Amino acid sequence: MNITIHRGQNQIGGNIIEISTDETKILLDVGLDLDEEKNKVLPNIKGLFDEAGYDAVFVSHYHGDHLGLAYQIHKDIPLFMGEKSTKIIQTSDAYKGVPTISPKGFLEHKKKIVIGDIAVTPYLCDHSAFDSYMLLCEADGESILYTGDFRGNGRKPYDRLLSELPAKVDKLICEGTTLSRNGYVAVTERELEEQAVAEFRNTRGPIFVLQSSTNIDRIVTMYRAAKRCGRKFLQELYMAEVASAIGGSIPNPAFSDVYAFITNPDRYDALTKYRRMGKEGMAKTPFVMCVRSTMLSYLQSLSKMVDFEGGLLVYSMWSGYQQQPRMSRFLKACEEMGLRIIALHTSGHADAETIQRLIARVNPSEIIPVHTENAQWFDKR
Ligand SMILES: [Zn+2]
Ligand SMILES: [Zn+2]
C-alpha cells in the first residue's frame with residue numbers, strides 16, 4: 001500500500017490521507033484547515049471534488065478538521081463514518097439550516113469494510129468527539145493503523161482498546177497534538193468531575209459552564225457534577241437537540257433533572273418537545289447551565305431575574321479560544337456581572353505516555369506522525 005499525506009502532517013488539523021494499491025484508492029479523513037484563510041480554495045486533489053476518482057472516503061470523527069470537506073466531495077464517492085457521529089452532524093446541520101452529509105455506510109467497532117482490495121477495520125476510541133474511530137487498513141499482507149484523534153483520559157477504558165488492537169502493524173500513522181506542550185499529562189474526565197464537584201460545592205449562586213455542545217464526554221462530566229451537588233442541568237436547545245439525537249445514557253431533557261431552554265424565541269416550537277425551564281423557573285432553582293459565547297445578551301437579561309453575585313462561570317474549552325474577540329468580550333462581561341471565572345478542562349488528545357503505550361502495543365515497523373507540530377518527538381522517544 002502507498003501512503004500519501006495530502007495535508008495534516010506538520011500541522012494540527014486538516015487531515016487528508018490517501019491509502020492506495022494498484023487497484024484501489026481511498027482517503028482517511030477529508031478535513032478543513034484550522035486556519036480559516038486556507039479554506040477559501042479547495043485543496044488541489046485530483047478526483048476528489050470534480051470527479052469520482054476515489055473508491056471511498058472514511059471519516060474518523062465529526063470534527064471539522066477531519067470531516068469538513070466531506071460536504072464538497074464528489075457525490076459518487078462513497079462516504080463512511082460512525083452512525084452516532086452522523087446523527088450528531090445531521091442534527092447540528094438541521095439546527096443551523098445548512099445542507100448535510102449522507103454516508104453510504106457506518107463505521108462499527110471491529111466490523112471490517114472491504115473496498116476493492118483494501119480492508120478497513122474501525123476501532124472505537126476515546127476523543128472529545130463522540131463515536132471516534134482508529135482505522136486499520138489491510139492489503140497485500142500489509143497493515144497500516146491510522147489513529148485519527150484519540151486519548152486515554154476519557155471514560156472509555158484505554159486498556160481495553162489497546163488489548164483489541166493488533167499486536168503488530170507495519171505502519172502507524174499517529175496523531176501527536178499535545179507533543180508540543182512540554183511535559184503535558186492529561187487530567188482524566190473523572191478527575192475533572194471531582195474538581196467540578198469541589199468548585200460547585202463552594203458556589204452559592206448560579207453556575208454556568210462554557211463548553212462545546214458536541215463534546216459529549218464533557219456534557220456527561222458536568223451533568224454528573226451538577227447532579228452530585230443537587231443542581232438541575234440546563235441545556236440550550238442546540239445542545240438538547242444534539243444530546244437527544246444520541247439519547248441513551250447521554251444527559252438530555254428526557255432525564256428527570258435535565259431541562260432545555262431557548263435564547264431565541266423563534267425556536268419555541270422546537271423547544272416544546274422537551275422538558276423545559278424559563279427564567280422564572282431558573283430564579284427559584286439551583287442550576288448548572290451550559291452556555292456558549294453567543295449567549296451574552298441572554299445572560300444579561302437573565303441577570304435581571306437571577307442574582308449573579310456569588311455565581312460561577314466554568315471555562316471548559318481549549319484555552320486558545322480565549323484570545324478570540326467574541327470570547328474575550330463574553331468573559332469580560334461575565335466578570336462584570338459578578339461571576340467568578342475558573343478554567344476546568346482536559347484535552348481530547350493523547351499525552352506522550354498514552355502514545356508510548358499505543359506504540360508499544362502495535363509495535364510498528366514505521367511511524368508516520370500527523371496532526372502535530374512536534375513530529376521529531378517520534379524520533380527521539
Ligand atoms: Zn483533529
Ligand atoms: Zn478531533
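The values are calculated or read from the model by the stated rules, or taken from the named source; none is laboratory data. Computed from a prediction, not measured in an experiment: that's the story for all the values here. Here the Cβ is made from the backbone with ideal geometry for all residues, glycine too, and neighbour counts use every protein chain on show. The protein model used for the area step is the full one, side chains on, heavy atoms only, and it has no ligands, DNA or RNA in it. Shrake-Rupley method; radii C 1.70, N 1.55, O 1.52, S 1.80 Å.
Name the residues in region 350-381 that are crowded, with 17+ Cβ neighbours inside 10 Å and hydroxyl-bearing (Ser, Thr, Tyr), would you?
Hits for region 350-381 are Thr354, Thr372.
For region 9-29, give me each residue that is within 30 Å of Arg181 (Cα to Cα) and touching an Asp or Glu at 6+ places or on another chain (Cβ under 9 Å).
Asn10, Gln11, Ile12, Gly13, Gly14, Asn15, Ile16, Ile17, Leu27, Leu28, Asp29
For Met337, all conditions in the list (1) among the hydrophobic types (A, V, I, L, M, F, W, C); (2) within 16 Å of ligand 2 (Cβ to nearest atom); (3) open to solvent by 10 Å² or more (accessible area, probe 1.4 Å) hold save one; what is the number of the exception?
(2)
For Gly47, which of the numbered conditions (1) touching a residue at least 60 places away in the same chain (Cβ under 8 Å); (2) among the small types (Gly, Ala, Ser); (3) over 30 Å from Tyr321 (Cα atoms) fails to hold?
With (1) touching a residue at least 60 places away in the same chain (Cβ under 8 Å); (2) among the small types (Gly, Ala, Ser); (3) over 30 Å from Tyr321 (Cα atoms) applied to Gly47, the lone miss is (1).
Against the conditions (1) more than 16 Å from ligand 1 (Cβ to nearest atom); (2) touching a helix residue (DSSP H, G or I) at 6+ places or on another chain (Cβ under 9 Å); (3) touching a residue at least 60 places away in the same chain (Cβ under 8 Å); (4) within 22 Å of Pro364 (Cα to Cα), where does Ile144 fall short? Just the number, please.
Exception for Ile144: condition (2).
Check Arg181 against each of (1) open to solvent by 60 Å² or more (accessible area, probe 1.4 Å); (2) within 16 Å of the chain's Cα centre (by Cα); (3) within 16 Å of ligand 1 (Cβ to nearest atom) and name the one condition it does not meet.
The single condition Arg181 does not satisfy is (2).
Is region 17-29 home to any residue that is within 13 Å of Ala56 (Cα to Cα), free of Cβ contacts under 8 Å to residues at least 60 places away in the same chain and within 16 Å of ligand 2 (Cβ to nearest atom)?
no
Give the residue that is farthest from the chain's Cα centre (by Cα), with candidates limited to residues of region 47-72 that are assigned to a loop (DSSP other than H, G, I, E, B) and within 16 Å of ligand 1 (Cβ to nearest atom).
By that ranking, first place goes to Val59.
Looking only at region 344-354, how many residues end up being among the aliphatic types (A, V, I, L, M) and away from ligand 2 (no atom under 15 Å from the Cβ)?
Summing the residues that are among the aliphatic types (A, V, I, L, M) and away from ligand 2 (no atom under 15 Å from the Cβ) in region 344-354 gives 2.
Of all the helices (runs of 4 or more DSSP H) wholly in region 312-381, which have at least 2 residues that are under 18 Å from Ser213 (Cα atoms)?
Here the list reads 325-336.
Consider Ala196 carefully, then state whether it is at pLDDT 95 or above and either touching a helix residue (DSSP H, G or I) at 6+ places or on another chain (Cβ under 8 Å) or crowded, with 19+ Cβ neighbours inside 10 Å (or both).
When the stated conditions are applied, Ala196 passes them.
Out of (1) touching a helix residue (DSSP H, G or I) at 6+ places or on another chain (Cβ under 8 Å); (2) in contact (Cβ under 8 Å) with a residue 40 or more places away in the chain; (3) in a strand (DSSP E or B), the odd one out for Val185 is which?
The failed condition is (3).
Tyr321 fails exactly one of the following numbered conditions: (1) more than 16 Å from ligand 1 (Cβ to nearest atom); (2) open to solvent by 40 Å² or more (accessible area, probe 1.4 Å); (3) free of Cβ contacts under 8 Å to residues at least 60 places away in the same chain. What is the number of that condition?
So the condition that Tyr321 fails would be (1).
What's the total number of residues in region 14-46 that are in contact with a helix residue (DSSP H, G or I) (Cβ under 6 Å, 6 or more places away or on another chain) and either open to solvent by 10 Å² or more (accessible area, probe 1.4 Å) or in a loop (DSSP other than H, G, I, E, B) (or both)?
6
Go through (1) over 26 Å from Asp217 (Cα atoms); (2) out of contact with any helix residue (DSSP H, G or I) (no Cβ under 8 Å at 6 or more places or on another chain); (3) touching a residue at least 60 places away in the same chain (Cβ under 8 Å) and name the single condition Glu353 misses.
All conditions pass for Glu353, except number (1).
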